[in-house]
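Student: For reference, the structure I am asking about is given below.
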Amino acid sequence: MAKKVLSGIQPSGSLTLGNYIGAIKNFVKLQEEHECYFMVVDLHAITVSQDPAALRENSESVAALYLAAGIDPVVSNVYMQSHVQQHAELGWIITTLTAMGELERMTQFKDKSSGKDSVGAGLFVYPSLMAADILIYNADLVPVGEDQKQHLELTRDLAGRFNHRFGEFFTVPEPYIPEVGARIMSLDDGTKKMSKSNPNPGSYIALLDPPDVIRKKISRATTDSGREVIFDPATKPEISNLMSIYAECSGMTLQQIADRYEGQMYGGFKKDLGEVLVATLEPLQQKYHEIRSSGALTDILAEGAERARNVAAQTLAGVKERMGFLPLR
Ligand code: AQP
């Protein structure tokens, strides 16, 4: 039987090249052999403050980008997390099984809350909701980046805890480490991850950036002192990051890129990288605009949510029965 895969992206900004290379490109491959659930995780996005109009726009935009990148909504389940209410309900139940100490140890919470005067409780219990997202479909595999490994470990513990207390029920999910999909770093600091919520738009390539903006951002990207186009993340984080992007988007290996630019300065390499990116993103953008203007997204998301809801409702009913909730007759 095909294994179940679950993943999601937060509509917390305009998707970046990091989201594409690190997540969406792999989603497209995974759907060939697995039963996939690809959500737009809007309930997670509101763990930090979101402007309502921006949340609505970003939500549609993420869904349309999934499709434009090649996720087939007939083969995969594509939907908004908030359209499947069972996520929130199981999220609460799982929260009650989670210890404060477990949440306090989560490094993402520490990172995202550090230096803030006021932090919402939602950001603290985020990993319990993420666990519910995964367990509600009994997902076998969860594509995770480095930063999410700790959350998946917690999900595995929580699944085991439920099974121990209430009888074998949840599948204990495994991390899926993609073969490809480098961690893409910020264009203004090669030691920080490229993030859609970075206040400096020059730090990321948005998937919907127009060609001239893409070219300009690459030409202005910070580069290490020195001249050689050599892949060495420890001593040359910025040029190494640009080389990774080049490799991911051109299909060339890092060695082929180093050979091509041997003895040349950064300028020519960056100019070519701008063109490689434009050639990668232009067709995606064209499809994206076709999907947005076709008006088909509403029905696609409704269908995806309905299919997901059917699975989620069964799991939730099983959970409630095992825990002793009085059924509605
Ligand atoms: N820079 C990146 N390189 C590789 N993969 C990345 N991902 C995100 N940034 C990079 C992958 O995208 C997926 C979804 O991410 P998310 O939106 O749920 O949350 P995130 O990882 O926190 O992404 P951002 O862009 O940094 O969002 P904000 O700024 O809102 O926190 C994940 O699979 C992630 O690995």
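The values are calculated or read from the model by the stated rules, or taken from the named source; none is laboratory data. Only a predicted model underlies this, so the values are computations on that prediction, with no experimental measurement involved. Positions of Cβ are backbone-derived with ideal geometry, glycine not excepted, and every protein chain shown enters the neighbour counts. Surface areas here come from the heavy atoms of the whole protein model, side chains and all, with no ligands, DNA or RNA. Shrake-Rupley method; radii C 1.70, N 1.55, O 1.52, S 1.80 Å.
Student: I'd like to verify a number: residues in the range 160-198 that are modelled with pLDDT of 95 or more, out of contact with any Ser or Thr (no Cβ under 9 Å at 6 or more places or on another chain) and of a type outside the set (D, E, K, R), how many?
Tutor: Of the residues in that region, 7 qualify.
Student: If you don't mind, another one. Residue under question is Asp259, and the condition is that it be without any contact (Cβ under 8 Å) to a residue 40 or more places away in the chain and either of a type in the set (Lys, Arg) or in contact with a helix residue (DSSP H, G or I) (Cβ under 7 Å, 6 or more places away or on another chain) (or both); does it hold?
Tutor: Considered against the rule, which asks whether it is without any contact (Cβ under 8 Å) to a residue 40 or more places away in the chain and either of a type in the set (Lys, Arg) or in contact with a helix residue (DSSP H, G or I) (Cβ under 7 Å, 6 or more places away or on another chain) (or both), Asp259 comes out as no.
Student: Do we find that Gly8 is outside any strand (DSSP E or B) and small (Gly, Ala, Ser) in this structure?
Tutor: So Gly8 fails the test.
Student: Continuing with the same structure: Limited to the range 245-259, what total is found for residues that are under 15 Å from Lys25 (Cα atoms) and either touching a Ser or Thr at 6+ places or on another chain (Cβ under 7 Å) or open to solvent by 20 Å² or more (accessible area, probe 1.4 Å) (or both)?
Tutor: 5
Student: Can you tell me which residues in the range 28-54 are open to solvent by less than 40 Å² (accessible area, probe 1.4 Å) and under 11 Å from Ile9 (Cα atoms)?
Tutor: Within the range 28-54, Phe38, Met39, Val40, Val41, Asp42, His44, Ala45 qualify.
Student: How many of the residues making up the range 166-198 are open to solvent by less than 70 Å² (accessible area, probe 1.4 Å), part of a loop (DSSP other than H, G, I, E, B) and either closer than 18 Å to Ile136 by Cα or away from the ligand (no atom under 12 Å from the Cβ) (or both)? Let's see the steps before the verdict.
Tutor: Pass one, the range 166-198, residues open to solvent by less than 70 Å² (accessible area, probe 1.4 Å): 166-167, 169-173, 175-176, 178, 180-182, 184-190, 194-196, 198.
Next cut, part of a loop (DSSP other than H, G, I, E, B) only: 167, 169-173, 178, 180-182, 184, 187-188, 194-196, 198.
Filter again for either closer than 18 Å to Ile136 by Cα or away from the ligand (no atom under 12 Å from the Cβ) (or both), leaving 167, 169-173, 188.
Total satisfying the criteria: 7.
Student: So, in the range 105-148, of the ones that are assigned to a loop (DSSP other than H, G, I, E, B) and within 12 Å of the ligand (Cβ to nearest atom), which residue ends up least open to solvent (accessible area, probe 1.4 Å)?
Tutor: Step by step, filter the range 105-148, then rank; the result is Val144.
Student: Can you name the helices (runs of 4 or more DSSP H) wholly within the range 220-329 that have at least 3 residues being among the hydrophobic types (A, V, I, L, M, F, W, C) and over 30 Å from Met80 (Cα atoms)? Break it down stepwise before answering.
Tutor: Details: elements: 237-250, 254-260, 266-294, 297-323.
Output list reads 237-250, 254-260, 266-294.
Student: Does Thr298 satisfy the criteria of being open to solvent by less than 70 Å² (accessible area, probe 1.4 Å) and either in contact with a Leu (Cβ under 9 Å, 6 or more places away or on another chain) or hydroxyl-bearing (Ser, Thr, Tyr) (or both)?
Tutor: It is false that Thr298 is open to solvent by less than 70 Å² (accessible area, probe 1.4 Å) and either in contact with a Leu (Cβ under 9 Å, 6 or more places away or on another chain) or hydroxyl-bearing (Ser, Thr, Tyr) (or both).
Student: I've got another one for you. Do the conditions hold for Lys192, that is, is it in contact with a strand residue (DSSP E or B) (Cβ under 8 Å, 6 or more places away or on another chain), free of Cβ contacts under 8 Å to residues at least 40 places away in the same chain and not aliphatic (A, V, I, L, M)?
Tutor: Values: in contact with a strand residue (DSSP E or B) (Cβ under 8 Å, 6 or more places away or on another chain): yes; free of Cβ contacts under 8 Å to residues at least 40 places away in the same chain: yes; not aliphatic (A, V, I, L, M): yes.
So Lys192 passes the test.
Student: Continuing with the same structure: Taking Ala53 as meeting all but one of (1) over 15 Å from Met130 (Cβ atoms); (2) aliphatic (A, V, I, L, M); (3) within 12 Å of the ligand (Cβ to nearest atom), write down the number of the exception.
Tutor: (3)
Student: Ok, one more. Quick one: count up the residues across the range 55-87 that are surrounded by 14 or more Cβ atoms within 10 Å (Cβ to Cβ) and either assigned to a helix (DSSP H, G or I) or among the basic types (Lys, Arg) (or both).
Tutor: Residues of the range 55-87 surrounded by 14 or more Cβ atoms within 10 Å (Cβ to Cβ): 55, 58-71, 73, 76-87.
Narrowing further to those that are either assigned to a helix (DSSP H, G or I) or among the basic types (Lys, Arg) (or both): 55, 58-68, 81-83, 86-87.
The number of residues fulfilling the criteria is 17.
Student: For the condition at pLDDT 95 or above, open to solvent by less than 50 Å² (accessible area, probe 1.4 Å) and closer than 30 Å to Ala63 by Cβ, what is the one hit in Pro283, Pro201, Pro211?
Tutor: Numbers: Pro283 fails: open to solvent by less than 50 Å² (accessible area, probe 1.4 Å); Pro201 fails: open to solvent by less than 50 Å² (accessible area, probe 1.4 Å).
Testing whether each residue is at pLDDT 95 or above, open to solvent by less than 50 Å² (accessible area, probe 1.4 Å) and closer than 30 Å to Ala63 by Cβ leaves just Pro211.
Student: Of the conditions (1) open to solvent by 10 Å² or more (accessible area, probe 1.4 Å); (2) touching a strand residue (DSSP E or B) at 6+ places or on another chain (Cβ under 6 Å), Gly22 clears all except one; give me its number.
Tutor: For Gly22, the exception is condition (2).
Student: Next question. What residue, among those in the range 9-40 that are more than 27 Å from Leu277 (Cα to Cα) and in contact (Cβ under 8 Å) with a residue 60 or more places away in the chain, is nearest to the ligand (Cβ to nearest atom)?
Tutor: Tyr37
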